[in-house]
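Step one of this worksheet: look at the structure below.
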Amino acid sequence: MLMREWLQKEAQLRNDETPIAGYPFGFMDEGAKKEIRRSILKAVAIPGYQVPYGSREMPIARGWGTGGLQITLSLVKPDDVLKVIDQGCDGSVNAVNIKKFVATVAGVTITTDTRAATLIQTRHRIPEERMSGRQILVLQVPYPEALREVEPSEMETRRMHAEADYSRMWLFLYEDIVKYGEITISYRYPVTVNGRYIMDPSPIPRWDVPKLHMADTLFLFGAGREKRIYAIPPHTTVEPLEFEDHKFRTENFSGKACARCGATDTYLDEVIDNASGERRFFCSDSGYCDKRRLAWNP
Amino acid sequence: MHIHRTIRDHFTFRVLLQGMSHPGRVFPLPGLPGEGSAAVELLGCLMDNEVGFAVIGDRDMEREIARHTDSRPVSLEDADFIIAQHGTTMGRLAHFRRGSLEYPDTGATVLYLVEVLSETAGVVLSGPGIDGTTSLRISGLDPGEWQLFREVNSEFPLGVDAIFLDRSGNIACIPRSSRIGVNERWDMLR
Amino acid sequence: MGYVAVKGGNEAIERACLLFAHERTKGSSAPLGVDQIKEQLYLAADRVMGEGSLYAPDLAALAIKQSAGDTFEAAFMLRAFRATQQRLGYSLPSSTEKMRVVRRISSAFKDIPGGQILGATSDYTLRLLDFDLLKDDAARRRAFREQIFSSLPADAEIPETFPKVIRILRREGLLEETLSAAHPEERAFDITRQPLTFPVSRSAKLQALARGETGGMLALAYSSMRGYGDIHPTLGELRIGYLPLTVPHPATGEPYVAGEVKVTEAEVLARMQGSDGMPRFSLGYGICFGQNEIKAISMAILDRCTRTEKPNCPAEDPEFVLYHIDGIEAMGFCNHWKLPHYVDFLSDLDRLRKAQEMARAGKQQERRRC
């Protein structure tokens, strides 16, 4: 939508009942947005480093994506085309709630098509289709601190990042290998960004980790409850922690295909059929799956 | 109108974010009708009474920024934002906050007001946000700033991040993560 | 064919919200008035205001009604509402000595200047269910009121304000110096604007505690009282009353009393600390909106605990306490486990299968070697 049109629509709404009366464009007050914008710029300037910020309360609960939402609301434009997914799915609980809210307070158009979106907010997945330099992916983060696994104290993890003292993280991975023969971390696989900071990519599966490396798009990470923002700019190195003889591996879907669209190269959800107890697989990225099905059956 | 300003800030910030995540590339600001100069419109989407700023330039600019953003004029060493009104920090870039190892984000942001920005032969940049290398030419920037900038950002993650705004309302950014090289046109800048 | 519905989430959510509202309204009882909640469930409203960090009795009552009595949800609604309100200015610091007291006691002394004013409290009630309340009507209430007021002595002179007990102790050099004098801050921290970074400033710590969730704070304070901590607290003074809200006048800048705010304040005296070589009592300070004595006392204890030189237990660790007492954050995260986690879980399954494979392979190798 052009800004001109949005302004006209706004003028109309002011005469009618606004759905959320009295709230400004983008819901949050300007002070909140400005702080978030300042934090985002610093996060982009220091890839992989967690910028602390004030983090306002949102009408959805902490733990349900307030960090991602605050980022989205601080940078959304009325002419944006917004896609929101949760576990890859456009129709999921969390995604629907967030989508409705942003559309109400920012007037954006909603889409399920990754290619058509200018702004995508996501929980725990990166879309299968490669995103461009004109798009932004905002990820919801429950645990921003990759080192929390080995150290509960924030003061101490801040020191570890400051001094790039990551020996305990490497030790943790080594102990995993000794115990299980493999690194057992599944989602939240730790990565080194720009050769400097160890970062938690949020609970995306291993499958999605390679998408962060030398991408064309900007990734913004928002942890509302923990009050941290971090970023990976495009064309930035993102390397999963691994050993020479125990390399990083994604999940294994060999021999499996999506029962809806037949894809053999996407992250698949495993579903157990109620009646037969049979195992079936479906693309986690529902928008992509829909597209493929349409392509076959236009 | 209050509502226009809010939306304008959203459009402005998107361009700024594009600039900071693609260092060295030149982007036009939205150029929406506003209340003040382009510099003030740009800073207005970021600054408020929570931050301090300093101007290396004239008093009028300082007053305009204070009035428009509600931010506090402070010393150069304490400032979150420094505006180099005439394309130079007069050698004082080294005094700006570079942050600490625990909190490198507290390093300052400097806005240089310059003449012309163009993606042609100039300084060569590489690093996060840049596909290989990119070239940025800035006329109206004091050539001495490049060396200072390199020094101030030589101990990543400490450092200062730069935004450039030219007379036509274009911006470019160079965050502290960028590596600034030289090419054979270096002499032209001197 | 069992097939996961990709669409339909929208409708299900809308229906769930409607059903939630319906549960509350489907009965034949008369709709609750917000005024009824405000007046007759005033302690719930006080608690919600404190945890929501917004002094707005009518809104607190509305939130309690809307959430069907879930105080976590109600406090959350107030917080969310607060976040949308424009900040007009800042009040001037107010001394609680100016409090218009309605209840004021001290356990440290048998009697105190001004007297022990018990006020309205359930402390001395017998916890026996009063079945008379099942027949609560206007006539009964009128009779009750007449009964109380008829047996009162003639108007006694009660001062509006009372001196602080700790002043007495300070005057005699028995209590440590005020902490704000020892650690002056130029500007009070604002935890709604800046994230907590450790070590925290005093104003940041007190703000976080003042808006903490009552149960969480009680649990931690209780652990200290029972013996995990070492502070041996005595309640120096507990006071409840109305504090004037003084703001700079928008036009003249002169201090101007805009209204009053009901608060509960607790000052707890604890074991010795002596930063200047002279042993003195140390002080724990607690304050919150409304009448919420458990929270104020717990806050005072936690304030003191977290200043222990060598933290020995969770209640003494400032990071542990301050990160875990915010009700809105805690309940949000607890509830978030109900969100779909199937992608994460599948990733876990993949790892587990792999690990089992390796364990089996390892066992086979072992067997072959034997």
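Against the numbered list (1) under 27 Å from the mean Cα position of the chain (by Cα); (2) more than 14 Å from chain A (Cβ to nearest Cβ); (3) assigned to a helix (DSSP H, G or I), C:Thr121 comes up short only at (3). As a summary of the residue check, B:Ile83 satisfies the conditions (1) more than 30 Å from A:Met214 (Cα to Cα); (2) not in a strand (DSSP E or B) except for the one numbered (2). Among the residues of the stretch A:159-182, is there at least one that is within 26 Å of A:Gln70 (Cβ to Cβ), without any contact (Cβ under 8 Å) to a residue 12 or more places away in the chain and either more than 23 Å from the chain's Cα centre (by Cα) or assigned to a loop (DSSP other than H, G, I, E, B) (or both)? Within the stretch A:159-182, one or more residues are within 26 Å of A:Gln70 (Cβ to Cβ), without any contact (Cβ under 8 Å) to a residue 12 or more places away in the chain and either more than 23 Å from the chain's Cα centre (by Cα) or assigned to a loop (DSSP other than H, G, I, E, B) (or both).
Taken together, A:Leu147, A:Leu139, A:Leu119 contain a single residue that is surrounded by 21 or more Cβ atoms within 10 Å (Cβ to Cβ), under 19 Å from C:Val343 (Cβ atoms) and of a type outside the set (Ser, Thr, Tyr), which is A:Leu139.
So, in the stretch C:75-98, how many residues would count as being away from chain A (no Cβ under 14 Å) and either part of a helix (DSSP H, G or I) or surrounded by 14 or more Cβ atoms within 10 Å (Cβ to Cβ) (or both)?
Of the residues in the stretch C:75-98, 5 are away from chain A (no Cβ under 14 Å) and either part of a helix (DSSP H, G or I) or surrounded by 14 or more Cβ atoms within 10 Å (Cβ to Cβ) (or both).
Of the set (1) on the phi < 0 side of the Ramachandran plot; (2) more than 9 Å from chain A (Cβ to nearest Cβ), all apply to B:Gly140 but (1).
Within the stretch C:296-349, the set of residues being under 30 Å from A:Pro201 (Cα atoms), in contact (Cβ under 8 Å) with a residue 60 or more places away in the chain and either in a loop (DSSP other than H, G, I, E, B) or more than 9 Å from chain A (Cβ to nearest Cβ) (or both) comprises C:Pro314, C:Pro318, C:Val321, C:Leu322, C:His324, C:Ile325, C:Asp326, C:Gly327. Condition check for A:Glu30 on (1) under 22 Å from C:Phe76 (Cα atoms); (2) modelled with pLDDT of 75 or more; (3) within 10 Å of another protein chain (Cβ to nearest Cβ); (4) under 18 Å from the mean Cα position of the chain (by Cα): one failure, at (4). Among the residues of the stretch C:196-228, those that are within 14 Å of another protein chain (Cβ to nearest Cβ), under 25 Å from C:Ala74 (Cβ atoms) and not in a helix (DSSP H, G or I) comprise C:Leu196, C:Arg211, C:Glu213. Take the conditions (1) assigned to a strand (DSSP E or B); (2) within 14 Å of chain A (Cβ to nearest Cβ); C:Phe72 misses just one of them, which is (1).
Condition check for B:Asp105 on (1) among the acidic types (Asp, Glu); (2) farther than 30 Å from C:Phe198 by Cα; (3) crowded, with 18+ Cβ neighbours inside 10 Å: one failure, at (2).
Residue-wise test of (1) free of Cβ contacts under 8 Å to residues at least 12 places away in the same chain; (2) surrounded by 17 or more Cβ atoms within 10 Å (Cβ to Cβ); (3) outside any strand (DSSP E or B).
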| site | (1), (2), (3) |
| --- | --- |
| A:Ile185 | no, yes, yes |
| A:Asp208 | no, yes, yes |
| A:Phe219 | no, yes, no |
| A:His235 | no, yes, yes |
| A:Arg249 | no, no, yes |
| A:Ser254 | yes, no, yes |
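Please work out if C:Thr264 is of a type in the set (Ser, Thr, Tyr), crowded, with 21+ Cβ neighbours inside 10 Å, touching a residue at least 12 places away in the same chain (Cβ under 8 Å) and not in a helix (DSSP H, G or I).
The answer is yes for C:Thr264.
The residue that is surrounded by the most Cβ atoms within 10 Å (Cβ to Cβ), among those in the stretch B:7-37 that are within 12 Å of chain A (Cβ to nearest Cβ) and assigned to a loop (DSSP other than H, G, I, E, B), is B:Pro23.
One residue alone among C:Ile240, C:Ile231 is surrounded by 15 or more Cβ atoms within 10 Å (Cβ to Cβ), touching a helix residue (DSSP H, G or I) at 6+ places or on another chain (Cβ under 8 Å) and not in a strand (DSSP E or B), and that residue is C:Ile231.
Does B:Leu101 qualify as being within 20 Å of A:Ala45 (Cβ to Cβ), under 13 Å from the mean Cα position of the chain (by Cα), in a loop (DSSP other than H, G, I, E, B) and within 12 Å of another protein chain (Cβ to nearest Cβ)? Step through it out loud before you land on a result.
Working: within 20 Å of A:Ala45 (Cβ to Cβ): yes; under 13 Å from the mean Cα position of the chain (by Cα): no; in a loop (DSSP other than H, G, I, E, B): yes; within 12 Å of another protein chain (Cβ to nearest Cβ): yes.
Criteria not met by B:Leu101.
The values are calculated or read from the model by the stated rules, or taken from the named source; none is laboratory data. The structure displayed is predicted, hence computed values, not measured ones. Note: ideal-geometry Cβ built from the backbone for every residue, glycine included; neighbour counts use all protein chains shown.
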